[in-house]
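The values are calculated or read from the model by the stated rules, or taken from the named source; none is laboratory data. Keep in mind it's a predicted model, so treat the numbers as computed, not measured. Here the Cβ is made from the backbone with ideal geometry for all residues, glycine too, and neighbour counts use every protein chain on show.
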Amino acid sequence: MSTINNPSLAFHTRATGQMNALRRSAEQLQGQLATGERIGRSSDDPVAAARLRSLGRADRLAAVDAANASRAASDLTLAGDALEGIGADLIRVRELALWAANGAVSPEGRAVIGQEIGELRTAILARANARDTFGNALFAGQASAAAYVTAADGTTTYAGTAQAGELSLGEGQSVGRGVTGPQFLSTANGGTTTDVLAFLRNLSTALQTPSGDSAAAADAASSAIGILDDALDTLNRTQTIIGARLAWIETVQDRQVTTTEARAEQSADAGGVDFAATVARLQQTLTALDASQTGFARLSSLSLFDAI
Amino acid sequence: MSGSLLTIGRSGALAARAALELTGQNIANAGNAGYARRTLGLAEVAAAGGIGLTGSTVLSGVRASGVERTEVHFLRSEARRSGSDLARAQAEIGGLLAAEAAIEQSGLYPAITGFEASLARLGSDPLNGALRADALEQARTLTQGFGSAAQSLDTAMDAVRADAVSGIAEVNRIATELARTNLGLARVQDGSTGKAALLDQRDALLASLAEQAGIAAEFDAVGRATLRLGGAGGPVLVAGADAASMTVAEAPGGMLQYAVGGTAVQLGSGSLAGQAQALQQISGAAEQLDDLAALLIARGNAAQTTGITPAGNAGALLFDGDNARNIAVALGDGADFATAPAGSGVNSRDTDNLDVLRAALANDGPAAAADRLLFTLSSAISGRGVTRDVLLTLSDTAQAALQSQTGIDLDAEAANLLRFQQAFQANGKVMQAAVEIFDTMLRIG
């Protein structure tokens, strides 16, 4: 005779299996609440885990890009300060040249002016050889040693490279690292390129020549003024370039901050726990577990053997 | 056998007592999962009369014709088949989870990202000794990550192989036991409790064997099983009292090949089949890891050789080795990173060659390949998890259907207890009535 009956072993196995499933679900929800992460291993949600991986990688690389951007900004600021100092010195040299061009100055006076121009040239050279916070030359392009070297006979030559190179700021953006010495210390007037340092040296030597040819010295001084004006123009142009680059870096930094915030939000959406919903589900699961435990206890206490 | 009230009553009382004992046996085995419900078969004892014209029958009561064991072949084979499928799915998922854990916990992807970040930092100040040393350390951490991932995958493969070997040992043990059970079934008397117990043992052995490997069983008239592995067309494992033995061999590429008595067999279900699949998956993952390491080595070395170091020498190789196990950093010092392109001077801060290395790592490079590897593994696990849950439900349903036919219901047994007690008492009364009639008749004479 085939009957459908309720074997007690099957009842126990089924009931304990269901209660185990409820308890496992409750423990998983509690673990999510404790860690704040919805995804324990990648296989819990493969697409979200891949998204979190790429967001994490972007975050790490963006942190380095932000550091690079502030490093570039500080280098450019230092360069701008040095150029400002050089500009002040060149204006003083122009004043001195104007004075020396005056025919009423005596040769001794002109010699003193020449000496002062020599001192100012040394100050300009020192600023051109300035270093950044890490000890690398500011105006040597991609070389690391000093930008201008002075030979035994007093001539200075530029010892750096022609380009300053670019620093990558992330997301395909880059900024020029700095300016090279020749960019602001050589002027083109009338088609010929003049090195300002060499020109200042010649001017200083010419003014200090103890000869009676004061007219020639005065002529040298007056023609110097035109070259000095060109040099100041070049310097201004370079300072404008540096200012524009600094503004560009600031724009990039603002965008980096916005992008970082957007990434953090996406990261929370993909892998974070919605606390309100999870707490509600945990409550519901615990209620179901409690009810099934009570029902199981009641049902298993019913036995016909008590009535026999 | 003479028919008399006393004999009839006695036979009824004996039958009722036998039925009570069987009910007691059922109740005692209520918790025994391998026990099928027994009932007592009862048959009437009625002999045709002697040589006479009246053709009267002599009634002699009841006799117990044998212990009947509830048998449902279809439900049992369904429970076996779904149990096999579930075991296969669980074994396969176990192997895949081990592979995923090996690669995730070795921290390979974060290490690749860390190396790329250190190179980006180096770009801001290429001659800085501290930044160069940091980049070298990140490269070392990366190679160690590869090593630990490869080792964990090896451990996972060894675990699967060990499971397969112990599974084979289990199959061989059960096959020997089954052959012995077949021998016992041939000798035992039909309808006895011994036969019922042997049939229970046979079914329990078949159920535990089905979890190891998919089987097809045929039964003959006395209940002996002829067992084939891998479906109805596979080689014979047990026939009568003979048991063949199962072996396993490993082919290159992580393929496990099973054979019964020399004949190869393809297992479609059971945990042995799942372990073969898992081993294949883990070997595939190990191969992909080796390819990833080779990609990193090739790109790193190619970028190094096109540049010069700050000292002005040509760049040496960045990585040694050719797979995930033997990858190592070949540079001894951070100063050997070739950041400047060939042709620039000594101590150049030109970062063109460093940018080449960074671009080679970023564009469809090791990071993208590692991400692809992890995604493939995790989505495979996720998909198989869904399959496993479905198979779990099917297996539970089949088990429940089987139990509902062959399991012990304590309420029904309690009712049977009352019924047979009543029968015993009634038959006792019959015997008492027979004794009174006999006494009366004796006193007449």
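Matching residues to (1) in contact (Cβ under 8 Å) with a residue 12 or more places away in the chain; (2) within 43 Å of the chain's Cα centre (by Cα):
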site	(1), (2)
B:110	no, yes
B:113	yes, yes
B:130	no, no
B:141	yes, yes
B:153	yes, yes
B:165	yes, yes
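This table checks each residue for (1) within 14 Å of chain A (Cβ to nearest Cβ); (2) more than 53 Å from the chain's Cα centre (by Cα); (3) farther than 17 Å from residue B:122 by Cβ.
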site	(1), (2), (3)
B:286	no, no, yes
B:298	no, no, yes
B:302	no, no, yes
B:320	no, no, yes
B:329	no, no, no
B:339	yes, yes, no
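With the structure loaded, tell me whether residue A:292 is surrounded by 12 or more Cβ atoms within 10 Å (Cβ to Cβ) and under 48 Å from the mean Cα position of the chain (by Cα) or whether it fails that test.
Values: surrounded by 12 or more Cβ atoms within 10 Å (Cβ to Cβ): yes; under 48 Å from the mean Cα position of the chain (by Cα): no.
Here the answer is no, as residue A:292 does not meet what is asked.
So is residue A:154 closer than 23 Å to residue B:310 by Cβ, assigned to a loop (DSSP other than H, G, I, E, B) and either of a type in the set (Gly, Ala, Ser) or without any contact (Cβ under 8 Å) to a residue 24 or more places away in the chain (or both) or not?
No, not satisfied.
Considering each residue of the stretch A:120-146, count those that are within 14 Å of chain B (Cβ to nearest Cβ), without any contact (Cβ under 8 Å) to a residue 40 or more places away in the chain and in contact with a strand residue (DSSP E or B) (Cβ under 7 Å, 6 or more places away or on another chain), and give that number.
7
Taking the residues in the stretch A:125-143 that are touching a helix residue (DSSP H, G or I) at 6+ places or on another chain (Cβ under 6 Å) and buried (at least 23 other Cβ atoms within 10 Å of the Cβ) as candidates, determine which candidate is nearest to residue A:86 (Cα to Cα).
A:128
Only one of these is loosely packed, with under 14 Cβ neighbours inside 10 Å and within 30 Å of residue B:99 (Cα to Cα): B:264, B:221. Name it.
Values: B:221 fails: within 30 Å of residue B:99 (Cα to Cα).
B:264 is the lone residue from the list that is loosely packed, with under 14 Cβ neighbours inside 10 Å and within 30 Å of residue B:99 (Cα to Cα).
Okay, residues lined up against (1) out of contact with any helix residue (DSSP H, G or I) (no Cβ under 8 Å at 6 or more places or on another chain); (2) under 30 Å from residue A:58 (Cβ atoms); (3) buried (at least 18 other Cβ atoms within 10 Å of the Cβ); (4) among the aromatic types (Phe, Trp, Tyr):
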site	(1), (2), (3), (4)
B:21	yes, no, no, no
B:30	no, no, no, no
B:41	yes, no, no, no
B:44	yes, no, no, no
B:82	no, no, yes, no
B:91	no, no, yes, no
B:96	no, yes, yes, no
B:101	no, yes, no, no
B:123	no, yes, yes, no
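Restricting attention to the stretch A:59-77, does a residue exist that is out of contact with any Leu (no Cβ under 6 Å at 6 or more places or on another chain), more than 14 Å from chain B (Cβ to nearest Cβ) and part of a helix (DSSP H, G or I)?
yes
Look at the stretch B:119-128 and say how many of its residues are at the interface with chain A (Cβ under 7 Å from one of its Cβ atoms), in contact (Cβ under 8 Å) with a residue 40 or more places away in the chain and either in a helix (DSSP H, G or I) or farther than 21 Å from residue A:73 by Cα (or both).
Summing the residues that are at the interface with chain A (Cβ under 7 Å from one of its Cβ atoms), in contact (Cβ under 8 Å) with a residue 40 or more places away in the chain and either in a helix (DSSP H, G or I) or farther than 21 Å from residue A:73 by Cα (or both) in the stretch B:119-128 gives 2.
Regarding the stretch B:84-100, can at least one residue be identified that is within 29 Å of residue B:300 (Cβ to Cβ), within 11 Å of chain A (Cβ to nearest Cβ) and assigned to a helix (DSSP H, G or I)? First the steps, then the outcome.
Initially, the stretch B:84-100 is screened for residues within 29 Å of residue B:300 (Cβ to Cβ), giving B:99-100.
Next, only the ones that are within 11 Å of chain A (Cβ to nearest Cβ) stay: B:99-100.
Then drop every residue that is not assigned to a helix (DSSP H, G or I), which leaves B:99-100.
Yes: one or more hits.
Residue B:21 - would you say it is charged (D, E, K, R), at pLDDT 90 or above, in a helix (DSSP H, G or I) and over 35 Å from the mean Cα position of the chain (by Cα)? Walk me through it before giving the result.
Values: charged (D, E, K, R): yes; at pLDDT 90 or above: yes; in a helix (DSSP H, G or I): yes; over 35 Å from the mean Cα position of the chain (by Cα): yes.
So residue B:21 passes the test.
Condition first: within 30 Å of residue B:64 (Cα to Cα), in contact with a Leu (Cβ under 8 Å, 6 or more places away or on another chain) and within 11 Å of another protein chain (Cβ to nearest Cβ). Can you find one or more residues in the stretch B:384-402 that meet it? Before the answer, list the steps.
Initially, the stretch B:384-402 is screened for residues within 30 Å of residue B:64 (Cα to Cα), giving B:401-402.
This time we only want the ones that are in contact with a Leu (Cβ under 8 Å, 6 or more places away or on another chain), so: B:401-402.
Subset that is within 11 Å of another protein chain (Cβ to nearest Cβ): B:401-402.
Yes, there is a match, as at least one residue in the stretch B:384-402 is within 30 Å of residue B:64 (Cα to Cα), in contact with a Leu (Cβ under 8 Å, 6 or more places away or on another chain) and within 11 Å of another protein chain (Cβ to nearest Cβ).
What number goes with the only condition from (1) modelled with pLDDT of 95 or more; (2) facing chain B (nearest Cβ under 10 Å) that residue A:42 does not pass?
Evaluating residue A:42 over (1) modelled with pLDDT of 95 or more; (2) facing chain B (nearest Cβ under 10 Å) leaves (1) as the failure.
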